[in-house]
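Single-structure report; data block below.
The values are calculated or read from the model by the stated rules, or taken from the named source; none is laboratory data. This one's a predicted model, so the numbers in the text were calculated from it and none came from an experiment. Positions of Cβ are backbone-derived with ideal geometry, glycine not excepted, and every protein chain shown enters the neighbour counts.
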Amino acid sequence: MTTQNNLKEAFAGESQANRRYLAFAEKAEQEGYTSVAKLFRAVAAAETVHALNHLRVMGAIGSTAENLKTAIKGENEEFQKMYPEFIEEAKKEKAADAVILSFDVANKVEEIHSGLYNEALDNLGKNKQVEYYVCQICGNTVENNPLDRCPICNAPSKMFKKID
């Protein structure tokens, strides 16, 4: 393996560890283990530092315009190819939970993300001020004001979290 491949693998591993530890922290909080939850969040933050260091060394952070184009390409790949293939495979395996609760929802939201990134690229430099809200059930991302109900998962507007 080359150093570049090792950096990619390390980035992926650290990124996954971050998300996993944040999920573990939520569970620890629910079970009343606040100190353990804090530990999981602290280590998750450290894993983010590691992941960002790997990304920087890989030279994978460009200008904002370049980063938006990279993000658009990634989101398009997910909703046009990756998730449709995952959905079909899960259907063949009769894994309805994976289709309904995971892949299909993510697929719909990734298309929305692509649109938001395209809009941001189109408006880059115009100083357009936008607020973003994310549904905490399905990840749907909307501009300025959440709807009464999420059009992806039907969650009430109170499930949308404003992103700073």
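Being out of contact with any His (no Cβ under 6 Å at 6 or more places or on another chain) and acidic (Asp, Glu) is the requirement here; does GLU88 meet it?
Yes: the conditions hold for GLU88.
Those residues that are under 13 Å from TYR133 (Cα atoms) and either in contact (Cβ under 8 Å) with a residue 60 or more places away in the chain or surrounded by fewer than 18 Cβ atoms within 10 Å (Cβ to Cβ) (or both), I need them from segment 145-154; list them, please.
Scanning segment 145-154 gives ASN145, LEU147, ASP148, ARG149.
With respect to the numbered conditions (1) crowded, with 17+ Cβ neighbours inside 10 Å; (2) among the small types (Gly, Ala, Ser); (3) within 15 Å of the chain's Cα centre (by Cα), which one is the sole condition not fulfilled by ALA44?
Condition (3) is where ALA44 drops out.
Under 6 Å by Cβ, and 6 or more places apart or on different chains, what pairs join a residue from segment 23-51 that is closer than 24 Å to LEU7 by Cα with one that is among the charged types (D, E, K, R) and in a helix (DSSP H, G or I)?
From segment 23-51, the pairs are GLU47/GLU14; HIS50/GLU14; ALA51/GLU14.
Look at VAL134 and say whether it is modelled with pLDDT of 95 or more and in the same structural domain as ALA155 (by TED's automatic domain parsing).
yes
Is it the case that LYS158 is surrounded by 13 or more Cβ atoms within 10 Å (Cβ to Cβ), assigned to a helix (DSSP H, G or I), basic (Lys, Arg) and at pLDDT 95 or above?
In short, no.
Filter segment 131-146 for residues that are assigned to a loop (DSSP other than H, G, I, E, B) and within 19 Å of ASN118 (Cβ to Cβ); which is nearest to the chain's Cα centre (by Cα)?
Looking at residues that are assigned to a loop (DSSP other than H, G, I, E, B) and within 19 Å of ASN118 (Cβ to Cβ), I get GLY139.
Take the residues in segment 53-112 that are without any contact (Cβ under 8 Å) to a residue 40 or more places away in the chain and of a type in the set (Ser, Thr, Tyr), then tell me which one is surrounded by the most Cβ atoms within 10 Å (Cβ to Cβ).
Top of the filtered list is TYR83.
Surrounded by 14 or more Cβ atoms within 10 Å (Cβ to Cβ) and on the phi > 0 side of the Ramachandran plot: does that describe GLY139?
On the way: surrounded by 14 or more Cβ atoms within 10 Å (Cβ to Cβ): yes; on the phi > 0 side of the Ramachandran plot: yes.
Against the criterion (surrounded by 14 or more Cβ atoms within 10 Å (Cβ to Cβ) and on the phi > 0 side of the Ramachandran plot), GLY139 qualifies.
If a residue must be surrounded by 12 or more Cβ atoms within 10 Å (Cβ to Cβ) and either assigned to a helix (DSSP H, G or I) or within 21 Å of the chain's Cα centre (by Cα) (or both), how many such residues does segment 24-41 contain?
Final tally of qualifying residues: 12.
As an exercise: evaluate THR70 against (1) assigned to a helix (DSSP H, G or I); (2) over 15 Å from the mean Cα position of the chain (by Cα) and give the number of the one condition it does not meet.
Result: THR70 fails condition (2) only.
Considering (1) within 17 Å of ASN140 (Cα to Cα); (2) touching a Leu at 6+ places or on another chain (Cβ under 6 Å), say which one LEU121 fails and leave the rest.
Result: LEU121 fails condition (1) only.
Is segment 95-117 home to any residue that is outside the structural domain of LYS8 (by TED's automatic domain parsing) and assigned to a loop (DSSP other than H, G, I, E, B)?
yes
On the basis of being surrounded by 12 or more Cβ atoms within 10 Å (Cβ to Cβ) and under 16 Å from GLU75 (Cβ atoms), does GLU119 make the cut?
Against the criterion (surrounded by 12 or more Cβ atoms within 10 Å (Cβ to Cβ) and under 16 Å from GLU75 (Cβ atoms)), GLU119 qualifies.
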